[in-house]
Amino acid sequence: MHRKLFIPGPTEVRPDVRAAMATPPVGHRSEEATVVGERIIGRLQTLLHTRGPIFLSTSSSTGLMEGVVLNGSTKRFLSVPCGAFGERWLDICRACGREVDAMPVEWGHAVRPEALREKLASNRYDAVLLTHNETSTGILNPLPELAAVVREFDDVFLFVDAVSSMGAVDLDFEALGLDGLLAGVQKALAAPPGFAVMAVTPRVIDRARRVENRGFYFDFVRHFAAYEKRQGVTTPSTSHLFALDLQLERILEETMPAREARHRAMAERVRAWARERFALYPEEGHQSITLTCIRNTREVDIAALNRELAKRGVVIGNGYGKLKNQTFRIAHMGEIRLDEIEELLGWIDEILGMKQ
Ligand SMILES: *Cc1c(COP(=O)(O)O)cnc(C)c1O
């Protein structure tokens, strides 16, 4: 039986988008594939408010994160982790043998713009690696303020993991002055997992040309050439091209402001519910609109709760990594609607014998 996903990715995929995955393959150098590729790029440029290059990657989000690390610096990265996904940037840098320093932030807290400014003033860095929405702790970092700080430093590029915010937060790539913005399609974009997208500035390509050992699969110079031809670098998942094309059309029909408002309304509802019964993990003022990370103050057996929820055809997220069982996470991400959230919260109340 299908269990409706209230986990922070992958998320529910609309039936018509799932069906689009079954479109018969086309040759990836065919005109048909190029037309779909062109349409997806146009839709992503509209979605992200950019006229610049868009990369389409048959990989999960982590692949493009590795691409950023392999192509994004000729000097030294600054990573500012405030949770497990921020730490992934560091792990990738170390695995790829790149120079990196960390400015760690206590889990459950957001990155502070002043602290970032102080770090960058050292002049040691030419790129910052940031997680916009930290899915492990439920923090939404203040991107406009952080991006403004990075813009004070001319040759410092800002690369943003927006994996669990793109498609929920209306992100304006050019107004924010970002250099790279990436996401997998399986979270707030609500397409099937296995594909990732990224907006970059032309100066990222210029820098990449000067970086040695960029690898092959995620070489941004090759990705840029593919973008110019509106084709895949290598054989793309054509199933994803068809599904993503349709899903992006649906997202733009809903409009990003409406989509962001819908996510915010769901987040407010879940936070209010959680404050009455438990407590929130992330600090006030920086809570995610796509998922709520809840302190398990009643020591509920989360696995047992999920077994009961499974009988009702739904599943929620346990805490991530070291936060497992200490916290649990309810995602309100992608195609989920407020009435579905109400139904879920009612079931949790019923199972835990809490007030309705
Ligand atoms: C899910 C997630 C990732 C990892 O994405 P994959 O598509 O599994 O590679 C990275 N960053 C954030 C913020 C995420 O939520």
field: The one condition in (1) more than 12 Å from the ligand (Cβ to nearest atom); (2) of a type in the set (Gly, Ala, Ser); (3) out of contact with any helix residue (DSSP H, G or I) (no Cβ under 7 Å at 6 or more places or on another chain) that GLY86 fails to fulfil
entry: (1)
- prompt: Which of the residues belonging to region 148-160 are in contact with a Gly (Cβ under 8 Å, 6 or more places away or on another chain) and either within 16 Å of the ligand (Cβ to nearest atom) or closer than 20 Å to CYS93 by Cβ (or both)?
  reply: VAL150, PHE157, LEU158, PHE159, VAL160
query: Do the conditions hold for PHE328, that is, is it in contact (Cβ under 8 Å) with a residue 24 or more places away in the chain, in contact with a strand residue (DSSP E or B) (Cβ under 6 Å, 6 or more places away or on another chain) and more than 20 Å from ALA110 (Cβ to Cβ)?
result: yes
- prompt: Is it the case that region 215-232 has a residue that's surrounded by fewer than 19 Cβ atoms within 10 Å (Cβ to Cβ), under 26 Å from VAL13 (Cα atoms), at pLDDT 95 or above and within 16 Å of the ligand (Cβ to nearest atom)?
  reply: no
- line: Within region 131-147, restricting to residues that are in a helix (DSSP H, G or I) and touching a strand residue (DSSP E or B) at 6+ places or on another chain (Cβ under 9 Å), the one that is farthest from the ligand (Cβ to nearest atom) is ALA147
query: How many residues does region 28-48 hold that are under 28 Å from ASP172 (Cα atoms) and acidic (Asp, Glu)?
result: 1
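Among residues belonging to region 176-199 that are under 30 Å from ASP154 (Cβ atoms) and of a type in the set (Gly, Ala, Ser), point out the one that is farthest from the ligand (Cβ to nearest atom).
In the first step, residues of region 176-199 are kept if they are under 30 Å from ASP154 (Cβ atoms); the result is 176-183, 196-199.
Keeping just the survivors that are of a type in the set (Gly, Ala, Ser) gives 177, 180, 183, 196, 199.
Details: GLY177: 21, GLY180: 14, ALA183: 8, ALA196: 6, ALA199: 16 Å.
The qualifying residue farthest from the ligand (Cβ to nearest atom) is GLY177.
Any residue that is in a helix (DSSP H, G or I) and within 15 Å of the ligand (Cβ to nearest atom) - is there at least one of those in region 114-130? Talk me through it step by step, then tell me what you get.
First, the residues of region 114-130 that are in a helix (DSSP H, G or I): 114-120.
Filter again for within 15 Å of the ligand (Cβ to nearest atom), leaving none.
Checked region 114-130: no residue is in a helix (DSSP H, G or I) and within 15 Å of the ligand (Cβ to nearest atom).
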query: Which ones in region 187-234 are under 30 Å from ILE7 (Cα atoms) and among the basic types (Lys, Arg)?
result: LYS187
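How many of the residues in region 89-101 are in contact with a helix residue (DSSP H, G or I) (Cβ under 9 Å, 6 or more places away or on another chain), within 16 Å of the ligand (Cβ to nearest atom) and farther than 10 Å from THR131 by Cα? Quick ask: steps written out before the conclusion?
Here is the first cut: in region 89-101, the residues in contact with a helix residue (DSSP H, G or I) (Cβ under 9 Å, 6 or more places away or on another chain) are 89, 92-93, 95-96, 98-101.
Applying the additional criterion that residues be within 16 Å of the ligand (Cβ to nearest atom) yields 89, 92-93, 95-96.
Among the residues that remain, those that are also farther than 10 Å from THR131 by Cα are: 92-93, 95-96.
Result for region 89-101: 4.
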field: Members of region 170-193 found to be more than 14 Å from SER60 (Cβ to Cβ), in a strand (DSSP E or B) and within 10 Å of the chain's Cα centre (by Cα), listed by number
entry: LEU181
- prompt: Hey, SER57 hits all of (1) of a type in the set (S, T, N, Q); (2) surrounded by fewer than 21 Cβ atoms within 10 Å (Cβ to Cβ); (3) over 30 Å from ALA115 (Cβ atoms) but one; which does it fall short on?
  reply: (2)
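I'd like the full set of residues that are in a helix (DSSP H, G or I) and buried (at least 17 other Cβ atoms within 10 Å of the Cβ), limited to region 73-102. Quick ask: steps written out before the conclusion?
Narrowing region 73-102 to residues in a helix (DSSP H, G or I): 84-95.
Within region 73-102, ALA84, PHE85, GLY86, GLU87, ARG88, TRP89, LEU90, ILE92, CYS93 meet the criteria.
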Subset of region 55-73 that is farther than 17 Å from PHE157 by Cβ and touching a helix residue (DSSP H, G or I) at 6+ places or on another chain (Cβ under 8 Å) - its residue that is farthest from the ligand (Cβ to nearest atom): LEU56
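The values are calculated or read from the model by the stated rules, or taken from the named source; none is laboratory data. The structure presented is a predicted model; accordingly, all values stated were derived computationally and were not measured. A quick note on method: Cβ atoms are made from the backbone with ideal geometry, for glycine too, and the neighbour counts reach across all protein chains shown.
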